[in-house]
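K.L.:
The structure is given below, and queries will be raised subsequently.
Every number in this text was worked out from the coordinates using simple rules, so none of it is lab data. The structure displayed is predicted, hence computed values, not measured ones. In this analysis, Cβ positions are derived from the backbone assuming ideal geometry, glycine residues included, and neighbour counts consider all displayed protein chains.
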Amino acid sequence: MVAGAAEAVVATERAQQLRAAINEANFRYYVLDAPTLPDAEYDRLLRELQAIEAAHPELLTPDSPTQRVGAGPLAAFADVAHVIPMLSLNNAFSEAEVMAFDRRVREGLEREDATIEYAVEPKFDGLAVALHYQRGVFVRGATRGDGASGEDVSANLRTIRAIPMRLASEQPPEWLEVRGEVLMLRRDFERLNEVARENGEKTFVNPRNAAAGSLRQLDPRITAQRRLSFFAYGVGRVEAAAGLPAWLPETHAAVMDSLAELHLPVSSERSVVHGVDGLMRYFHALGARRDSLPFDIDGAVYKVNRLADQAALGFVARAPRFAIAHKYPAQEEITQVEGIDVQVGRTGVLTPVARLKPVFVGGVTVTNATLHNEDEVRRKDVRVGDSVIVRRAGDVIPEVASVLLDRRPMGVTIGDLVTPEFPPFSMPVVCPECGAPVVRLEGEAAARCSNGLSCPAQRKQALIHFASRRAMDIEGLGDKLVEQLLDRGLVQTPADLYRLEQAQLAGLERMADKSADNLLQAIEISRGRELARFIFALGIRQVGEQTAKDLARHFGSLAALMAADAAALQQVPDVGPVVAASMRAFFAEVHNQTVIENLRQARAWKDGEAQAAVAGKLLGKAFVLTGTLPNLSRDQAKALIEAEGGKVAGSVSRKTDYVVAGAEPGSKFTKAQELGIRILDEITFLDLISHGDNTL
Ligand code: IVH
């Protein structure tokens with residue numbers, strides 16, 4: 001019995017240690033975005049804690065990190081009354097409206113000549129929630145609902161790792177209601193939709209809908225898979241702990257700082273500014289960064305900073321007088337589909353593209369939007385004549401998010417005749433460019449033209465690729481010029497470029513003598529390019545820049561590469577059966593053999609020597625780069641790695657040795673953590689370059 005008691009004490013202590021370590025890891029990962037613990041280690045700690053709690057159920061607490069994904073589905077959400085109502089914000093769409101807001105504030109405070117101090121922050125495009133902490137422990141969370149009461153989504157909120165289950169404080173308030181926004185990061189949204197698209201499932205229109213749909217799931221296990229994020233932007237009901245002074249900062253900015261100290265996520269984009277000038281400067285600065293933020297925002301929120309002033313100003317109807325949302329141009333707009341074109345890419349992939357009535361969205365005029373592939377068009381049922389929602393956010397290419405079915409034109413009445421509505425889209429059975437049959441391989445979403453380089457569209461893309469900067473780098477040979485050269489029959493294949501003459505070019509549009517000279521010179525300079533560039537320039541499916549480099553290094557000459565069988569090809573790093581087969585097929589084509597022979601005669605490339613191994617501190621080490629480094633560009637980092645015999649791959653796998661991560665890293669970062677791969681920042685990376693692996 002004594003031994004049992006001693007064991008229980010040990011277990012209690014260990015459980016506390018584990019919870020602290022896991023909470024800290026969550027905070028660093030999800031709030032600070034600066035992880036310290038590899039995922040594998042995190043999982044071990046979590047499993048150990050689960051084991052202790054299973055053996056000692058009395059130790060299980062509701063705020064334990066093991067409880068984030070707990071119970072099964074609910075039948076319905078319970079109601080939660082908001083003791084302090086959750087209001088909305090009035091909007092401003094122009095500087096004049098912002099000036100009017102500032103004037104009302106000054107008049108309301110009877111300080112007409114003063115310059116007001118404002119706390120400013122992004123307007124997150126997600127959904128509002130209230131989180132209730134009792135003596136520092138998360139006890140409940142609710143949606144905004146109608147503002148007076150919302151739905152109890154506690155189980156789902158527990159799955160959001162950015163939300164602490166226990167506040168980081170020795171003396172937490174008796175009650176703290178944190179208000180903020182649940183949202184989905186763009187990269188998590190893109191990934192979610194990509195998976196849905198691959199599985200032939202419905203996609204979400206935007207991250208906001210995805211976040212809302214995920215938070216209002218009755219089964220928290222589904223929410224847990226969706227990767228939601230959270231940012232706090234204020235507080236509701238607050239009660240001090242008995243015997244402690246009331247928690248009363250003087251400003252909104254100080255409230256936010258306190259929330260950050262409690263380990264709640266607050267946006268690093270927040271600031272304090274003065275007067276309308278300060279507001280407008282912030283609006284433009286944040287607007288300039290809008291596209292590169294990891295999440296959607298639809299405006300900036302301005303709040304009178306001093307809480308006493310906020311109280312004095314009070315509310316009108318359902319919105320505060322002390323705050324306003326200044327909106328950016330929408331990232332979604334409605335427009336009409338005027339046609340659906342099918343574009344043919346370099347490797348023959350057919351992509352349906354909606355031709356749109358021009359619409360201003362996300363800060364630019366959009367006239368085309370991708371429809372991804374045939375299944376996607378069918379699922380969304382996009383038809384000519386439809387009104388659609390177009391979305392353009394961040395660097396993502398514009399896409400048709402959804403169709404407004406109730407606005408579909410019913411057909412036109414001409415006399416007694418009613419024309420039917422437009423039929424559903426179907427992929428052409430022959431290539432729209434060359435008329436060759438379209439093929440769709442089993443298990444692939446993409447349909448392709450089967451005509452290879454005999455298809456003019458593929459030929460054009462292939463030529464553009466051949467001349468591009470990272471391939472043969474023929475300066476000045478862009479889309480328009482390639483098109484003209486093809487149209488006039490001056491060029492059929494890349495080899496023909498090396499036979500062009502001044503007189504032929506002179507007749508082309510916008511082609512003065514000087515530019516003709518420049519082009520001929522650029523073509524001339526491109527002769528004798530390194531083998532790696534040449535291999536890449538050939539545009540073999542599955543053979544990217546890195547693979548081309550590996551192949552060049554391994555085989556040394558094009559002849560050796562062309563002679564290699566599948567087994568020999570697979571000796572090269574990252575070349576598997578699929579890539580090998582693609583190369584074999586490319587070199588087996590007579591057309592390709594002829595073009596290569598002509599390029600050989602034009603001395604387009606220079607063979608090197610097969611290099612079994614290069615010297616260098618990082619010989620054989622595989623790197624992946626993600627995010628923006630503070631000083632080095634991607635190309636510079638790559639060059640440093642390659643100079644030391646290392647390789648740079650595009651995606652993280654078990655073979656990756658290091659991931660070099662900068663600001664706003666992508667999914668590669670998460671993957672690296674999952675696989676327990678070493679992650680370097682710029683400083684440690686440069687250290688590795690100068691001293692090799694032994695110092696890390
Ligand atoms: S403060 C009393 N700050 O906008 C005002 N709201 O239109 C309380 N929102 O329901 C809101 N970012 O969902 C505030 N930085 C921010 C916000 C924000 C987004 C949302 C919130 C609210 C809606 C009001």
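K.L.:
Could you order peptides 338-345, 75-82 by the average number of other Cβ atoms within 10 Å of their residues, highest first?
P.N.:
On the way: 338-345: 15.9, 75-82: 12.9.
Going by the mean number of other Cβ atoms within 10 Å, highest first, we get 338-345, 75-82.
K.L.:
What FRET efficiency comes out for residue 606 versus residue 351 if R0 is 41 angstrom and r is the Cβ-Cβ distance? Round to the nearest 0.05. Can you show the working numbers first?
P.N.:
On the way: r = 36 Å, r/R0 = 0.88.
Efficiency at R0 = 41 Å is approximately 0.70.
K.L.:
Sort 58-67, 223-232 by packing, meaning the average of other beta carbons within 10 Å per residue, with the highest value first.
P.N.:
Numbers: 58-67: 16.8, 223-232: 21.4.
Ranked from most to least packed, the peptides come out as 223-232, 58-67.
K.L.:
Once the other residues with Cβ under 14 Å from the Cβ of residue 52 are scored (Lys, Arg +1; Asp, Glu -1), what is the net sum? The partial results should precede the final answer.
P.N.:
Working: positive: 14, 19, 44, 47; negative: 7, 13, 48, 53, 58.
The answer is -1.
K.L.:
A further question on this structure: Any idea which of 546, 46, 297 is furthest toward the positive side of the dipole for the chain, if Lys and Arg beta-carbons carry +1 and Asp and Glu beta-carbons -1?
P.N.:
Checked the options; the winner is 546.
K.L.:
Quick one: net charge around residue 386, please, counting Lys, Arg +1 and Asp, Glu -1 for every other residue with C-beta under 13 Å from its C-beta.
P.N.:
Values: positive: 355, 357, 380, 383, 407, 408; negative: 338, 381, 406, 421.
The answer is +2.
K.L.:
Output the 0 to 90 degree angle, nearest 10, between the alpha-carbon long axis of helix 682-691 and the longest principal axis computed from the alpha carbons of the chain.
P.N.:
Relative to the chain, helix 682-691 is tipped by roughly 50 degrees.
K.L.:
In whole Hz, with x marking every Gly and Pro, tabulate ³J(HN,Hα) for the stretch 94-99 from phi via Karplus 6.51 cos²θ - 1.76 cosθ + 1.60, θ = phi - 60°.
P.N.:
Those phi angles translate into 8, 4, 4, 5, 5, 5 Hz.
K.L.:
Filter the trypsin sites (Lys or Arg not before Pro) in the stretch 655-696 down to the DSSP loop ones having no more than 16 other Cβ atoms within 10 Å, then list what survives.
P.N.:
Working: sites: 655, 668, 671, 678; in loops: 655.
Here the trypsin sites (Lys or Arg not before Pro) that fit, given the DSSP loop and packing criteria, are 655.
K.L.:
Given charges of +1 on the Cβ of Lys and Arg and -1 on the Cβ of Asp and Glu, with all other atoms neutral, how large is the dipole of the chain about its Cα centre, in debye to the nearest 20? Please report the intermediate quantities before stating the final value.
P.N.:
Details: 80 positive and 92 negative charges, 186 e Å.
Dipole size: approximately 900 debye.
K.L.:
Another question, if that's okay. Pop a pseudo-label 7 angstrom from the Cα along the beta-carbon direction at both residue 598 and residue 513 and give the gap in nm to one decimal.
P.N.:
According to this spin-label approximation, the distance is 3.0 nm.
K.L.:
Can I ask one more? In what order do 583, 280 fall by count of nearby beta-carbon atoms within 10 Å, going from fewest to most? Write out the running numbers ahead of the final one.
P.N.:
Values: 583 24, 280 16.
Fewest to most other Cβ atoms nearby, the residues stand as 280, 583.
K.L.:
So, by mean Cβ neighbours within 10 angstrom, what's the order for 366-375, 285-294 with the highest one leading?
P.N.:
Numbers: 366-375: 18.8, 285-294: 15.1.
By packing density, highest mean first, the sequence is 366-375, 285-294.
K.L.:
Taking neighbour counts of Cβ atoms within 10 Å as a proxy for exposure, in what order, fewest first, do 27, 587 appear? Provide the component values of the computation, followed by the final result.
P.N.:
On the way: 27 19, 587 16.
Placing the least packed residue first, the sequence is 587, 27.
K.L.:
Okay, helix-only estimate at 222 nm for the chain: each DSSP H run of n ≥ 4 adds -39500 (n - 2.57), divide by all residues, round to 500 deg cm²/dmol; what do you get?
P.N.:
Details: 25 runs with 253 residues, N = 696.
Mean residue ellipticity, 222 nm, calculated: -10500 deg cm²/dmol.
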